[in-house]
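Below is one structure, written out as structure tokens; the observations come after it.
The values are calculated or read from the model by the stated rules, or taken from the named source; none is laboratory data. Since the model is a prediction, treat every value here as computed from it, not as a measurement. All Cβ positions, glycine included, derive from the backbone under ideal geometry; neighbour counts span all protein chains shown. Areas reflect the complete protein model, heavy atoms only, side chains present, ligands, DNA and RNA absent. Shrake-Rupley method; radii C 1.70, N 1.55, O 1.52, S 1.80 Å.
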Amino acid sequence: MKFSAPKGMQDILPPDIYIWQNVEEVARELFHKYGFQEIRVPIVESTDIFIRSIGETTDIVEKEMYTFTDKGGRSITLRPEGTAPVVRCYVEHNLYNLPSPQKFFYTGAMFRYERPQKGRFRQFYQIGAEAFGVSQPSLDAEIIVMLKNLLEKIGIAGLNFELNSIGCDKCRPDYKNALLKFFKSKLAIYCPDCQRRYRTNPLRILDCKVPGCVELRKGAPYVKDYLCNDCREHFNELIFSLKELKIPYTLNPNLVRGLDYYTRTTFEVTSEHLGAQKAVAAGGRYDRLVEEFGGPPTPAMGFAIGMERLATLLKEKSEQKIPSPKVFIATLGRDAEMEGFKIAESIRSSGCWIEPNYGGASLKSQMRKADRIGAEFVLIIGDNELKAGKVQWKNLKNSQQGEVEIKDIASIIQKLSDYIPK
RNA sequence: GUGGGCGUAGCUCAAUGGUCAGAGCACUGGACUGUGGCUCCAGGUGUUGGGGGUUCGAGUCCCCUCGUCCACCCCA
């Protein structure tokens, strides 16, 4: 009986891990330039936090949360997303007393109990960014630019930025009613899912992929026509900014986010190379959430990137090279092995990856091993070398070989490696 | 939660219901007593994912279950 990772969860190992590390490194560096600082919040929260923010009737809350009762009788949930915990943190520590805006980013695992498919897992990783305290659309624009720069920097092209505004508490109800009125007459001919959506979240009908429903919704009310003055102005200014900044985007009036807390700006970054789950990143404004969590009215905006989806794109883009040690030390006999360990330590202090030989094996098999793990150099230490205080070195790329005093090894290796044709 | 495809060696895959389930790659050792790559030789663990059934006989057919992949719902 062999064990395997839990369903929908996966191990990330070399060489894939280097893709992940690179993305995180680039993100950290870039986000700092925009004033976003890293925070770490717990991986679990009180269940209420997610119910209150994401929405009681959303799929995430209704059927996708990993919820359990701890030994103190508290209901605890593995976070299904990152925004709610960050908002809780912001309010708990009264960060609204600090100068606005406060900007944060985080990386980490999220959990949703779903059927796995391409680009969807039960444990998945996000890089998220959240900014608090600015209602101006210039913040929206800045965040979108930052995201675009990140994606460009890590080398992903051909992405589509989709943009929409879903209004605020004032104007969304009007739009919702207009939609309900529009759908009502032909409700019976819509697909069963849409009939359910009619009751739970009518905006979602705009998103349905069933051809019949796509046809039926032609002529449906347009969000843009129902935005209140403030929301319309906000949206127009954002669009203006994006044009000025030369950020290509697509307006998608059918872009509806699944989480209840969104207001005004919503956006999604999609790729055609991902299968059905094609959103690489998504986000939007949530101007009411801080207040909802007991803080003062504080506008906010953020996004999250799906790491697995990003990694998928990066993987199909280029071949990965597996890192290999610079030096392998082949030794014959116990004394030589000990000397080899000492030499290894001194070379490591100069900063390169070195692999020693562990235990007895023929020189031949050690040489073969050095070759297979991709080492550039082999140092050979046997009885003869021990007596002479020297080691044999061999460059495996060009087969040059020579002898060197033990004390000179580190410097020799640095010099020789420069000759190596890459 | 719903629907479909697929589970055979570490990996990629063969095997009409019929002998003891094979091949390539990879791995380890040797040919080469202290020198890698090329070549040759040798070496193997499979509870054929698991359980039950049909049959003289099941990797193959049927049922259940688990896993995986893809899609729906929904979402990063």
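Given the structure, is A:F267 in contact (Cβ under 8 Å) with a residue 12 or more places away in the chain and away from RNA strand B (no atom under 11 Å from the Cβ)?
In short, no.
With the requirement that a residue be within 8 Å of RNA strand B (Cβ to nearest atom), polar (S, T, N, Q) and within 13 Å of the chain's Cα centre (by Cα), what does the stretch A:117-133 give you?
Within the stretch A:117-133, just A:Q126 meets the criteria.
Name the one entry in A:T270, A:T265 that is of a type in the set (S, T, N, Q), touching a helix residue (DSSP H, G or I) at 6+ places or on another chain (Cβ under 8 Å) and open to solvent by less than 10 Å² (accessible area, probe 1.4 Å).
Exactly one of A:T270, A:T265 is of a type in the set (S, T, N, Q), touching a helix residue (DSSP H, G or I) at 6+ places or on another chain (Cβ under 8 Å) and open to solvent by less than 10 Å² (accessible area, probe 1.4 Å), namely A:T265.
Can you pull out every residue in the stretch A:218-232 that is open to solvent by less than 40 Å² (accessible area, probe 1.4 Å) and over 26 Å from A:S135 (Cα atoms)? First the steps, then the outcome.
Residues of the stretch A:218-232 open to solvent by less than 40 Å² (accessible area, probe 1.4 Å): A:220-221, A:223, A:227-228, A:231.
If the condition is that a residue be open to solvent by less than 40 Å² (accessible area, probe 1.4 Å) and over 26 Å from A:S135 (Cα atoms), then A:A220, A:P221 are the ones that fit.
Taking the stretch A:287-326, which residues are hydroxyl-bearing (S, T, Y) and touching a helix residue (DSSP H, G or I) at 6+ places or on another chain (Cβ under 7 Å)?
Matches in the stretch A:287-326: A:T298 only.
If you check A:I322, A:I380, which single one turns out to be under 30 Å from A:K153 (Cα atoms), of a type in the set (A, V, I, L, M) and open to solvent by 10 Å² or more (accessible area, probe 1.4 Å)?
Numbers: A:I380 fails: under 30 Å from A:K153 (Cα atoms).
Among A:I322, A:I380, only A:I322 is under 30 Å from A:K153 (Cα atoms), of a type in the set (A, V, I, L, M) and open to solvent by 10 Å² or more (accessible area, probe 1.4 Å).
Looking only at the stretch A:141-170, count every residue that is in contact with a helix residue (DSSP H, G or I) (Cβ under 8 Å, 6 or more places away or on another chain), of a type in the set (V, I, T) and within 12 Å of A:G283 (Cβ to Cβ) and tell me the total.
1
With the requirement that a residue be within 11 Å of RNA strand B (Cβ to nearest atom) and open to solvent by less than 70 Å² (accessible area, probe 1.4 Å), what does the stretch A:174-194 give you?
The answer is A:C191, A:C194.
Which count do you get for residues in the stretch A:284-325 that are touching a residue at least 60 places away in the same chain (Cβ under 8 Å), under 23 Å from A:I17 (Cβ atoms) and within 13 Å of RNA strand B (Cβ to nearest atom)?
Number satisfying all stated conditions: 12.
What number of residues in the stretch A:74-114 are within 12 Å of A:S46 (Cβ to Cβ) and of a type outside the set (A, V, I, L, M)?
7
If I filter the stretch A:141-173 down to residues being over 16 Å from A:V256 (Cα atoms) and charged (D, E, K, R), which single residue comes out as most open to solvent (accessible area, probe 1.4 Å)?
A:K170
I'd like to know if the stretch A:137-146 contains one or more residues that are of a type in the set (G, A, S), touching a residue at least 60 places away in the same chain (Cβ under 8 Å) and part of a loop (DSSP other than H, G, I, E, B).
no
In the stretch A:362-391, how many residues are more than 27 Å from A:K321 (Cα to Cα) and either more than 6 Å from RNA strand B (Cβ to nearest atom) or in contact with an Asp or Glu (Cβ under 6 Å, 6 or more places away or on another chain) (or both)?
The qualifying residues number 7.
Before we move on, is A:T77 open to solvent by less than 10 Å² (accessible area, probe 1.4 Å) and either touching a residue at least 24 places away in the same chain (Cβ under 8 Å) or not assigned by TED's automatic domain parsing to the domain that holds A:E25 (or both)?
Considered against the rule, which asks whether it is open to solvent by less than 10 Å² (accessible area, probe 1.4 Å) and either touching a residue at least 24 places away in the same chain (Cβ under 8 Å) or not assigned by TED's automatic domain parsing to the domain that holds A:E25 (or both), A:T77 comes out as yes.
Looking only at the stretch A:233-254, count how many residues are open to solvent by 90 Å² or more (accessible area, probe 1.4 Å), under 18 Å from A:G167 (Cα atoms) and either not assigned by TED's automatic domain parsing to the domain that holds A:F267 or not hydrophobic (A, V, I, L, M, F, W, C) (or both).
1
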